[in-house]
1. If the Cβ limit is 9 Å and pairs must be 6+ apart or interchain, which residue in the stretch 153-176 that is free of Cβ contacts under 8 Å to residues at least 60 places away in the same chain and under 30 Å from residue 99 (Cα atoms) pairs with which residue that is open to solvent by 70 Å² or more (accessible area, probe 1.4 Å) and part of a loop (DSSP other than H, G, I, E, B)?
2. Would you be able to tell me the number of residues in the stretch 145-171 that are open to solvent by less than 30 Å² (accessible area, probe 1.4 Å) and not in a helix (DSSP H, G or I)?
3. If you check every pair at least six apart or on different chains, which have Cβ atoms under 7 Å apart with a residue in the stretch 123-146 that is small (Gly, Ala, Ser) first and a residue that is part of a loop (DSSP other than H, G, I, E, B) and open to solvent by 70 Å² or more (accessible area, probe 1.4 Å) second?
4. Tell me yes or no: at least one residue of the stretch 181-191 is open to solvent by less than 20 Å² (accessible area, probe 1.4 Å) and within 19 Å of residue 115 (Cβ to Cβ).
5. Checking residue 253 against (1) part of a helix (DSSP H, G or I); (2) under 26 Å from residue 94 (Cα atoms): exactly one of these is not met. Which one?
6. Given the structure, is residue 142 touching a Pro at 6+ places or on another chain (Cβ under 9 Å), open to solvent by 20 Å² or more (accessible area, probe 1.4 Å) and either modelled with pLDDT under 95 or not in a strand (DSSP E or B) (or both)?
7. Taking the condition closer than 24 Å to residue 223 by Cα, aliphatic (A, V, I, L, M), modelled with pLDDT of 95 or more and open to solvent by less than 50 Å² (accessible area, probe 1.4 Å), does residue 44 pass?
8. Quick check on my filter: what residues within the stretch 207-221 are open to solvent by 20 Å² or more (accessible area, probe 1.4 Å) and acidic (Asp, Glu)?
Amino acid sequence: MTVTIVRACLRDGRGGSPTAVLDDTPLTDDERREVPVRAGTSHAVFLSADRDGGGVALRFFTAEGELPGCGHGTIAALAVLAGRAGTHEVTLRTRGGTLEGRAIRHNGNGALEAWFAPGPVRLRAPAAGEHDEVLAALGVAGHPPGCVVATLGRPRLLVPLPTRSAVSALAPDLDRLRTACDRLALLGCYLYSAPTPEGRVAARMFAPSIGVPEDIANANSTACLAAHLARAGLRGLTADMGDALGTPAAVRAAAHHGPDGPEILVGGTAEIVRDPAPE
């Protein structure tokens with residue numbers, strides 16, 4: 001196997017979420033789970049030709065197992081495809097659905113810009129007391145107004161906090177959080193600061209149930225937040241992530257009016273690094 005390491009969702013050319021990308025081969029799912037572990041990444045993305053639709057099929061794995069989708073993994077896959085063929089527009093088929101993606105290679109600096117349409121986001125307000133145990137595990141006092149359950153593939157809880165410093169100070173009990181999320185079938189929790197007038201937030205994503213205590217960058221949850229904030233008229237969003245892990249990242253999203261609600265594009269800048277394949 002040849003594994004490509006992509007730093008997805010760079011911020012000002014730095015950081016980004018290391019993601020393993022490779023052409024799929026006849027592996028068992030247990031062997032696929034081993035790839036991110038041996039590559040030193042949170043996620044691995046497996047690419048193959050989509051025989052039915054002529055695009056590219058993607059499968060996403062963490063050490064815990066397969067995911068129906070992964071936003072920064074999709075950005076990493078698009079970067080690899082663009083690295084092979086230059087500007088690349090492609091239909092991507094995942095276990096969670098069909099996506100349209102585009103990546104542009106910027107000549108001279110090695111950077112690639114990748115965007116995709118993640119599909120419709122379903123939003124609902126939590127029932128009274130539904131997430132008390134989750135909020136307690138996060139260390140969030142009281143019941144912040146504006147919490148939303150957002151589903152894009154799998155549901156996750158979006159939790160607003162008043163300031164960037166409040167986001168930075170979070171120190172959740174991850175074992176307790178995993179138990180609470182498992183009980184409610186939540187992917188995890190995405191906490192974010194009040195957006196600036198320009199649409200910038202600080203955000204952190206905790207997903208211990210899928211083997212990712214904290215994600216450096218989470219594009220799908222940022223897309224969910226963009227859909228939520230579009231209700232209040234915000235059309236552009238940049239989420240600064242990864243600072244608590246010492247790896248700055250930025251995910252961008254844009255919302256447009258659609259016949260059935262906001263239509264979201266989400267993306268970021270990526271850089272490709274070649275690494276030896278895990279054995």
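The values are calculated or read from the model by the stated rules, or taken from the named source; none is laboratory data. None of the values given here were measured: they were computed from a predicted structure. Cβ atoms come from the backbone with ideal geometry, glycine included; neighbour counts cover every protein chain shown. What goes into the accessible areas is simple: the full protein's heavy atoms, side chains included, and nothing from ligands, DNA or RNA. Shrake-Rupley method; radii C 1.70, N 1.55, O 1.52, S 1.80 Å.
1. As it stands, the answer is 160/145, since those pairs meet every condition given.
2. Number satisfying all stated conditions: 13.
3. 137/173; 139/171
4. Checking the stretch 181-191: not a single residue is open to solvent by less than 20 Å² (accessible area, probe 1.4 Å) and within 19 Å of residue 115 (Cβ to Cβ).
5. For residue 253, the failing item is (1).
6. No, not satisfied.
7. Taking the combined requirement at face value, the residue satisfies it.
8. Within the stretch 207-221, just 214 meets the criteria.
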